[in-house]
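Undergrad: Below is the structure I would like to discuss, written out as structure tokens.
The values are calculated or read from the model by the stated rules, or taken from the named source; none is laboratory data. Just so it is clear, the structure is predicted and the values come from calculations on it, not from any experiment. Cβ coordinates were reconstructed from backbone atoms using ideal geometry, including for glycine residues, and neighbour counts include every protein chain displayed.
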Amino acid sequence: MDRQFVIFTLADESFGVAIALVERIIELRSVARVPFAPDFFHGVVNLDDRVLPVLDLRKRFGFPAQPPTRETRLLVVAVAGVRVGMRVDRVTQVLTVSDADIEPLPPIVATVHSHFITGIAKVARTAPESEGMAQAEERRLIILLNLRKVLSTDEKAALQGWDYTLADVPEWAEDAAPEMLTDLKV
Amino acid sequence: MRDILKFDIEDNEIEIFLQDVNEHLEAMESGLLRLEQDGGEPAESQESLQTAFRAAHTLKAIAAAVGHPRMAELTHTIENTFEALREGWLRPTAALIDELLAAVDTLRVLRDEVVTREPSGIDVPALIHWLQEMLSEAMDVSTATAGPQLAWNGDLSSVIALSEEQLLRAQAYVEQGWHLWEIHLAAKPGAFAPLARLLQASMALMELGEIIVQNPAQADLLNKEETVPLWVILATDTYAPTVEAQLRDITDIDGFSVQPYTLNVSEAAVLSEVAEPVSLTEPGLPEELTAAPPAPPTITGLGREKTVRIDVERLDALMNLVGELVTGRTRLAQVETMLRNQYGKGTMTTALSELNSDLGRVVDQLQEEVMQARMVPIAQLFSKFPRLIRDVARTAHKEVDFVIEGEATELDRAVIELIGDPLVHLLRNAVDHGLESTQVRTAMGKAARGTVRLSAAHEEGNVVITVQDDGRGIDPAHVRQAAVQRGLLSEDAAAKLDAHEATALIFEPNFSTADHVTEVSGRGVGLDVVRTNVKRLGGAVTVDSTIGQGSTFRLSLPLTLAILQTMLVNVGAEVYAIPLTGIIESLYLADWKVSRVRGKSVIYWRGQALPLLPLQDFFAHEDGAGEGKPAVVVVAWGKQRVGLRVDGLIGKEEIVIKSMSPLVGNVPGISGCTILGDGRVALIVDVPGLIGAALQARRQGEVL
């Protein structure tokens with residue numbers, strides 16, 4: 001079976017989230033910081049007159065912070081009714097990946113804590129998204145994220161004493177009803 | 001696998017179903033409680049019983065309509081019991097009222113089955129049986145003693161057999177749980193227009209149900225020349241005493257008898273065997289035969305006001321839209337100012353100003369109207385509490401007078417929804433822990449019955465709800481001791497608190513969990529939860545208590561949750577909104593001399609040392625000074641005053657409160673957020689929470 005993923009980068013690493021979970025991709029906008037929040041909690045922004053919480057995925061995954069660039073985007077995802085924006089460095093493409101190309105968990109993933117990951121997709125490099133990257137390898141790796149884990153806070157240590165509660169998000173649903181992605185602007 | 005119940009109701013109808021059912025259940029319950037209070041004097045309880053009866057009657061119809069036979073059946077029995085009570089042939093004993101209240105609770109469980117679609121397993125037949133036993137016992141007694149002066153002494157020879165069609169109809173009623181009564185009556189000899197009296201009686205009986213047969217027939221009655229006795233078979237869902245009462249009201253009736261009429265079973269059974277295929281196959285059969293008996297007329301339509309029921313969600317959506325309109329209008333005013341600054345006064349800018357102020361007026365009115373539409377009397381909530389108090393008092397073996405005041409006070413329905421739990425908490429505490437036992441009270445020379453008073457009133461744009469008891473009060477010494485034991489603060493710190501501050505410790509988290517604290521202080525079950533909930537509403541809770549005389553909890557709540565008057569301030573790079581209700585005064589820092597007292601910044605303001613709380617430090621935004629002229633916003637919570645140091649004052653603004661995402665938990669000092677005219681998000685300062693957190697931090701020597 002083929003699945004579609006929205007691919008984005010963080011510190012030159014590629015990540016994918018199931019397209020059905022992505023509502024929109026928007027440009028970074030004015031963020032109101034929330035006091036006492038964990039540092040990966042970027043703040044809240046106005047999305048269509050509603051207040052959207054935003055996580056800084058760089059900080060969530062422990063990459064060094066980086067000021068926003070022209071390409072910084074907010075990936076608006078909805079998992080089990082919880083709507084959240086995820087700040088990423090760059091959104092690159094929508095990619096169709098065959099199940100056969102997804103491997104469960106690799107022995108070594110250095111950059112991201114393994115419980116955020118559902119699998120690794122090995123895909124052939126294609127011309128359009130190879131810009132600025134070495135053409136050396138034939139295949140590249142995309143880390144497929146377990147959004148439920150990314151949105152949850154098992155690690156109380158990170159919470160700096162703030163009663164940071166997250167809605168209970170069910171097991172990341174591969175079988176979530178795919179929603180049409182209408183305004184994907186990559 | 002569990003059974004799944006099927007009901008004749010669409011998912012989108014469930015909300016309305018619940019609303020209706022709850023309304024009727026509450027009416028039944030409050031009727032019962034009033035009946036209990038009135039001591040069952042029929043004259044005093046007539047109105048409550050009538051309301052309860054009507055509610056049961058309508059509820060029965062609703063239950064039948066959604067296809068919930070157990071619910072319909074139980075409601076039917078309850079209805080009959082209410083009727084018997086109303087007619088005075090059943091006495092409202094404590095046991096009966098208990099059983100009826102239990103029946104109402106059972107109905108609640110049955111109601112929930114419609115939502116969950118899972119059988120609750122609750123025993124309905126036993127309850128119905130108990131009530132029916134009660135009814136038939138009472139009926140026997142009542143029939144034996146009722147109206148001897150009107151007893152029928154004619155012969156019963158007029159009895160004739162029922163026709164086939166009449167039998168069928170009678171049987172249909174019996175299957176539906178109605179009763180058949182055989183009635184004989186005659187007019188007084190020499191009465192004026194005796195036949196008209198019989199016709200009148202016949203009409204009166206028709207009000208109770210349906211006449212299966214009567215002899216002479218109604219049409220014939222007026223053609224008769226001489227007085228004859230009237231014989232009637234009446235199908236009705238009422239009992240004999242009701243029928244008798246109905247007849248007793250008619251003048252010039254010589255005597256009557258009301259006897260249960262038993263259908264000849266074998267005859268009926270044979271008929272039904274014949275009748276069923278007939279009614280199915282022959283379209284020519286009169287409708288009357290096949291159709292279910294007509295439901296008795298409902299009386300719910302009486303006294304209906306000119307109102308429309310509206311879905312709460314729709315009302316909320318309307319409020320949100322109005323909120324956005326208010327924001328838009330603010331934005332328009334900003335554009336207007338910008339245009340005037342840029343181009344000066346001209347025809348166009350003047351026209352825009354006029355338009356803007358006209359629009360503003362309409363928007364204000366619209367907002368006011370929608371706000372009004374959301375207002376409901378707090379009686380909606382308060383009406384649930386007499387039952388609560390009664391149950392808690394019973395369990396605790398205490399005698400309690402429960403007084404409700406100001407139940408007509410109106411507030412936003414969203415507020416009403418959210419203060420239910422805190423009030424339940426406070427009321428339960430008041431009875432359970434606040435009031436002493438009857439023996440102790442008597443020994444102290446207090447009235448044996450304790451009083452719990454619940455009142456609501458408007459005060460300066462807020463609604464104030466108080467829960468007052470005349471019990472033992474809260475001993476600050478015990479609270480201090482308990483707080484030290486719980487490690488909430490040091491012995492020294494505890495000793496420094498005055499009585500009022502010490503008492504307020506009962507709202508601290510962790511204070512409540514220790515059981516021994518509850519025993520010594522008589523308080524403290526989850527009061528921190530009460531405070532948290534009230535705070536979440538932008539309100540505050542305080543307590544006043546005198547040992548031996550009782551305690552008063554005071555909840556101060558905003559009228560509405562949707563729109564808030566605020567002062568916008570710059571704090572570093574952020575904008576915060578401070579609710580005007582918490583603000584006493586705003587000062588420019590430059591006009592004041594800041595002193596250091598024990599290392600903390602204060603200014604001397606209105607004769608007191610006002611501690612300054614730099615918001616940027618408190619919220620840990622390390623931005624450097626934000627835009628504007630540094631200022632101090634003096635805020636108050638109870639007797640406490642604190643000056644919030646901000647980087648600049650932006651101005652007053654009416655904001656629409658937006659809910660934070662569920663992802664964001666409880667942030668100290670923040671109650672919510674809003675979207676400003678320029679599209680930015682601003683957080684709303686929770687003044688009580690901020691002061692509380694700041695005071696705690698001061699005790700630990702960090703801020704202030």
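Residues are listed down the side, and each one gets a yes or a no for (1) basic (K, R); (2) crowded, with 18+ Cβ neighbours inside 10 Å; (3) over 43 Å from the mean Cα position of the chain (by Cα); (4) not in a helix (DSSP H, G or I):
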| site | (1), (2), (3), (4) |
| --- | --- |
| B:G177 | no, no, no, yes |
| B:A186 | no, yes, yes, yes |
| B:A204 | no, no, no, no |
| B:V213 | no, yes, yes, yes |
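Undergrad: Being assigned by TED's automatic domain parsing to the domain that holds B:T546, modelled with pLDDT of 85 or more, under 36 Å from the mean Cα position of the chain (by Cα) and closer than 30 Å to B:L580 by Cβ is the requirement here; does B:Q439 meet it?
TA: When the stated conditions are applied, B:Q439 does not pass them.
Undergrad: Can you name every residue in the range B:359-385 that is of a type outside the set (D, E) and free of Cβ contacts under 8 Å to residues at least 24 places away in the same chain?
TA: B:R361, B:V362, B:Q365, B:Q372
Undergrad: Quick check: is even one residue across the range B:576-590 in contact with a strand residue (DSSP E or B) (Cβ under 6 Å, 6 or more places away or on another chain), within 14 Å of chain A (Cβ to nearest Cβ) and closer than 24 Å to B:A414 by Cβ?
TA: So far as the range B:576-590 goes, yes, one or more of its residues are in contact with a strand residue (DSSP E or B) (Cβ under 6 Å, 6 or more places away or on another chain), within 14 Å of chain A (Cβ to nearest Cβ) and closer than 24 Å to B:A414 by Cβ.
Undergrad: If B:P194 satisfies every condition in (1) modelled with pLDDT of 80 or more; (2) buried (at least 18 other Cβ atoms within 10 Å of the Cβ) but one, which is the exception?
TA: (1)
Undergrad: Of all residues in the range B:38-60 being of a type in the set (A, V, I, L, M, F, W, C) and within 22 Å of the chain's Cα centre (by Cα), which is farthest from B:Q246 (Cα to Cα)?
TA: Among them, the one singled out is B:L59.
Undergrad: If you don't mind, there's one more thing I want to ask. On the given criteria, is B:L32 within 21 Å of the chain's Cα centre (by Cα) and assigned by TED's automatic domain parsing to the domain that holds B:L127?
TA: Spelling it out, B:L32 is indeed within 21 Å of the chain's Cα centre (by Cα) and assigned by TED's automatic domain parsing to the domain that holds B:L127.
Undergrad: If I filter the range B:659-675 down to residues being closer than 24 Å to B:E368 by Cα and buried (at least 21 other Cβ atoms within 10 Å of the Cβ), which single residue comes out as farthest from the other protein chains (Cβ to nearest Cβ)?
TA: B:S671
Undergrad: Identify all residues within the range B:73-92 that are of a type in the set (K, R) and either outside the structural domain of B:Q37 (by TED's automatic domain parsing) or under 11 Å from B:H57 (Cα atoms) (or both); write none if there are none.
TA: none
Undergrad: Restricting the first residue to the range B:11-40 and requiring it to be in contact (Cβ under 8 Å) with a residue 40 or more places away in the chain, which pairs with a second residue that is surrounded by fewer than 16 Cβ atoms within 10 Å (Cβ to Cβ) and hydroxyl-bearing (S, T, Y) meet a Cβ separation below 9 Å and a spacing of at least six or different chains?
TA: Here the result reads B:G40/B:T93, each pair linking the range B:11-40 to a residue that is surrounded by fewer than 16 Cβ atoms within 10 Å (Cβ to Cβ) and hydroxyl-bearing (S, T, Y).
Undergrad: When the residues of the range A:60-85 are narrowed to those that are under 21 Å from B:C673 (Cβ atoms) and not β-branched (V, I, T), which ends up surrounded by the fewest Cβ atoms within 10 Å (Cβ to Cβ)?
TA: Of everything passing the filter in the range A:60-85, A:G81 is surrounded by the fewest Cβ atoms within 10 Å (Cβ to Cβ).
Undergrad: Got a sec? Which of B:N429, B:N462 is under 30 Å from B:M319 (Cα atoms) and not basic (K, R)?
TA: B:N462
Undergrad: Can you find even one residue in the range B:26-41 that is modelled with pLDDT of 85 or more and not in a helix (DSSP H, G or I)?
TA: Taking every residue of the range B:26-41 in turn, none turns out to be modelled with pLDDT of 85 or more and not in a helix (DSSP H, G or I).
For (1) outside any loop (DSSP other than H, G, I, E, B); (2) closer than 30 Å to B:P668 by Cα; (3) out of contact with any His (no Cβ under 7 Å at 6 or more places or on another chain); (4) of a type in the set (G, A, S), each residue gets a yes or a no:
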| residue | (1), (2), (3), (4) |
| --- | --- |
| A:I25 | yes, no, yes, no |
| A:F36 | no, yes, yes, no |
| A:P53 | yes, yes, yes, no |
| A:M86 | yes, yes, yes, no |
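Undergrad: Counting only residues that are facing chain A (nearest Cβ under 9 Å) and at pLDDT 85 or above, how many does the range B:676-691 have?
TA: Number of matching residues: 5.
Undergrad: While we're here: So which of B:L96, B:L101, B:L74 is in a helix (DSSP H, G or I) and more than 21 Å from B:R394 (Cβ to Cβ)?
TA: Just one listed residue meets the conditions, B:L74.
Undergrad: Does B:G648 meet the test of being in contact with a Gly (Cβ under 6 Å, 6 or more places away or on another chain), in contact (Cβ under 8 Å) with a residue 60 or more places away in the chain and more than 12 Å from chain A (Cβ to nearest Cβ)?
TA: yes
Undergrad: Right, next: Kindly evaluate B:Q342 against the criterion of being within 30 Å of B:V681 (Cβ to Cβ) and loosely packed, with under 15 Cβ neighbours inside 10 Å.
TA: Criteria met by B:Q342.
Undergrad: Out of (1) under 14 Å from B:I691 (Cα atoms); (2) within 14 Å of another protein chain (Cβ to nearest Cβ), what's the single condition that is false for B:V642?
TA: In the conditions (1) under 14 Å from B:I691 (Cα atoms); (2) within 14 Å of another protein chain (Cβ to nearest Cβ), B:V642 misses (2) alone.
Undergrad: Does A:E23 satisfy the condition of being in contact with a strand residue (DSSP E or B) (Cβ under 8 Å, 6 or more places away or on another chain), acidic (D, E) and within 14 Å of chain B (Cβ to nearest Cβ)?
TA: Yes; evaluated as a whole, the condition is true for this residue.
Undergrad: Give the residue, chosen from B:A483, B:A393, B:A477, that is more than 14 Å from B:F553 (Cβ to Cβ) and surrounded by fewer than 17 Cβ atoms within 10 Å (Cβ to Cβ).
TA: That would be B:A477, the only listed residue that is more than 14 Å from B:F553 (Cβ to Cβ) and surrounded by fewer than 17 Cβ atoms within 10 Å (Cβ to Cβ).
Undergrad: Being acidic (D, E) and touching a Ser or Thr at 6+ places or on another chain (Cβ under 7 Å) narrows it down to one residue among B:D421, B:D412; which is it?
TA: Exactly one residue qualifies, and that residue is B:D412.
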